[in-house]
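*Asks:* Questions regarding the structure given below will be posed in turn.
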Amino acid sequence: MVAVQNTLGVMLLAAALWFVYSLLPAWLLMSLIALLLTACGTMLRAIDPLPADATGIARVGKALGVLLLVAGIAEFVGVASGNFDILTPLGGLTRTSTSAGGGTSAATQFDTITSNAKLDEALKAARGQPVMVDFYADWCITCKELERFTFTDARVMNEFTHWKLLRIDVTKNTEADTAMLRRFGLFGPPALIFFDKTGRPQPDAQLIGFIGADTFLAHLKRLQSGDVAQ
């Protein structure tokens, strides 16, 4: 009975965290996730010795607990190191060596936009080149997945050389952020907005949520060729 109550409690906490995650600063969200993971690991007896006659289920539970505990500790380390990427909390520890080796992340290709006025200026300056605007936030897990699994695909990065890439970071949810979201009828990230070479928006080409590299690449090529409903 106690185990059932603990499980229900964890599920309720996870659900509550899911509903409010977009309202929390990245460091706090990651800290709460770390706390939840370590608590789950502890409840599964990750740090308690098992009796010699422990059942197979108990051993599997302990193994899962150890994994959760390690994941929670990794999240805590990420927060402490200033890296708030939930999917790769230890990435900040290797960032320096990667940069020294000449690595280029997808994020370095984007110009950051902070207001509607700045967006209009950037669109005007990019005339003659198609434009993609990426709505992003540090707390947005799907945004991280897009950056890691789609934007860093070698074929996509090659196609990006034909595009002007802009990023609107709504992590802080400022009035300017809200105004830019409202401009495109968005509730939040992730969202990809496209403009043609004349700066005209292409609402039918808009993408919401995660999209794999193959499908995304085909979408970019189709837009490049002008094959999109206006």
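Just so you know, all these numbers are worked out from the coordinates, no wet-lab data involved. Bear in mind that the values here come from a model prediction, so they are computed numbers and not experimental data. Ideal geometry is used to build each Cβ from the backbone, glycine not excepted, and the neighbour counts take in all protein chains shown.
*Asks:* Which Cα, out of 38, 49, 109, lies furthest along the positive dipole direction of the chain (beta carbon charges, K/R +1, D/E -1)?
*Replies:* So the residue furthest toward the plus end is 109.
*Asks:* Separate question: Using 1/(1 + (r/R0)^6) with R0 = 30 angstrom and r between the beta carbons of residue 120 and residue 17, what's the FRET efficiency to the nearest 0.05? Please list the in-between numbers first.
*Replies:* Numbers: r = 37 Å, r/R0 = 1.24.
Rounded to the nearest 0.05, the efficiency is 0.20.
*Asks:* Can I ask one more? How big is the dipole moment of the stretch 2-95 about its Cα centre under a simple scheme where the beta carbon of each Lys and Arg is +1, that of each Asp and Glu is -1, and everything else is neutral? Debye, nearest 20, please.
*Replies:* Once rounded to the nearest 20, the dipole reads 60 debye.
*Asks:* Go through 151, 19, 74 and say which Cα lies farthest out towards the positive end of the charge dipole of the chain; charges sit on Cβ, +1 for Lys and Arg, -1 for Asp and Glu.
*Replies:* Among 151, 19, 74, the one farthest towards the positive end of the dipole of the chain is 151.
*Asks:* Same structure, new question: With the Cα gyration tensor of the stretch 2-95 giving a ≥ b ≥ c as the square roots of its eigenvalues, does the rule (a/c under 1.5 for rounded; else a/b larger than b/c for prolate; else oblate) give rounded, prolate or oblate?
*Replies:* Oblate, since a/c reaches 1.5 and b/c is not below a/b.
*Asks:* Follow-up question, since we're still on this one. So if I place +1 on the C-beta of Lys and Arg and -1 on the C-beta of Asp and Glu, and nothing else carries charge, what would the dipole magnitude of the chain be about its Cα centre? I want it in debye, nearest 20.
*Replies:* Charge dipole of the chain: 200 debye, to the nearest 20.
*Asks:* Quick one: grab the alpha carbon gyration tensor of the stretch 106-224, order the square roots of its eigenvalues as a ≥ b ≥ c, and give me rounded if a/c is under 1.5, else prolate or oblate depending on whether a/b is larger than b/c.
*Replies:* oblate
*Asks:* Can you tell which of 47, 73, 113 shows the greatest fluctuation in a Gaussian network model of the chain with Cα springs below 10 Å?
*Replies:* Of 47, 73, 113, the Gaussian network model singles out 47 as fluctuating most.
*Asks:* Counting other beta carbons within 10 Å of each Cβ, put 141, 57 in order, fewest first.
*Replies:* Fewest to most other Cβ atoms nearby, the residues stand as 57, 141.
*Asks:* Moving to a separate point now. Would you please give the residues with an amide H less than 5 Å from that of residue 199, counting only those at least 5 places away or on a separate chain, with H modeled from the backbone geometry?
*Replies:* Here 128 satisfy the definition.
*Asks:* If you consider only alpha-carbon coordinates, what radius of gyration and Dmax does the chain have, in Å?
*Replies:* Calculated on Cα positions, Rg and Dmax stand at 21.5, 73 Å.
*Asks:* Let me ask something else. Hey, can you list the DSSP H helices of the chain whose Cα span along the axis is 18 Å or longer and whose average Kyte-Doolittle score is at least 1.0?
*Replies:* Working: long enough: 2-20 (27 Å, 1.84); 26-43 (26 Å, 1.97); 56-80 (36 Å, 1.72).
Membrane-span-like by this criterion, though nothing is claimed about a membrane: 2-20, 26-43, 56-80.
*Asks:* With a 4.7 Å Cβ cut-off, tell me which Cys residues in the chain come up empty for a partner.
*Replies:* 40
*Asks:* While we're on this one: Under 5 Å between amide H atoms, partner at least 5 residues away or on a different chain: which partners does residue 168 have, H built in plane at 1.01 Å?
*Replies:* Long-range HN contacts for residue 168: 113, 134, 135, 136.
*Asks:* Tell me, how many Å apart are the Cα centres for the stretch 146-222 and for the stretch 115-132?
*Replies:* About 13 Å separates the Cα centre of the stretch 146-222 from the one of the stretch 115-132.
*Asks:* Based on DSSP loop calls and a cut-off of at most 16 other Cβ atoms within 10 Å, the longest stretch of the chain free of exposed chymotrypsin sites (Phe, Trp or Tyr not before Pro) is what?
*Replies:* 1-183
*Asks:* Only four residue types carry charge here, +1 at the Cβ of Lys and Arg and -1 at the Cβ of Asp and Glu. Report the dipole size of the stretch 106-224 about the Cα centre in Debye, rounded to the nearest 20.
*Replies:* Using only the charged Cβ atoms, the result is roughly 320 debye.
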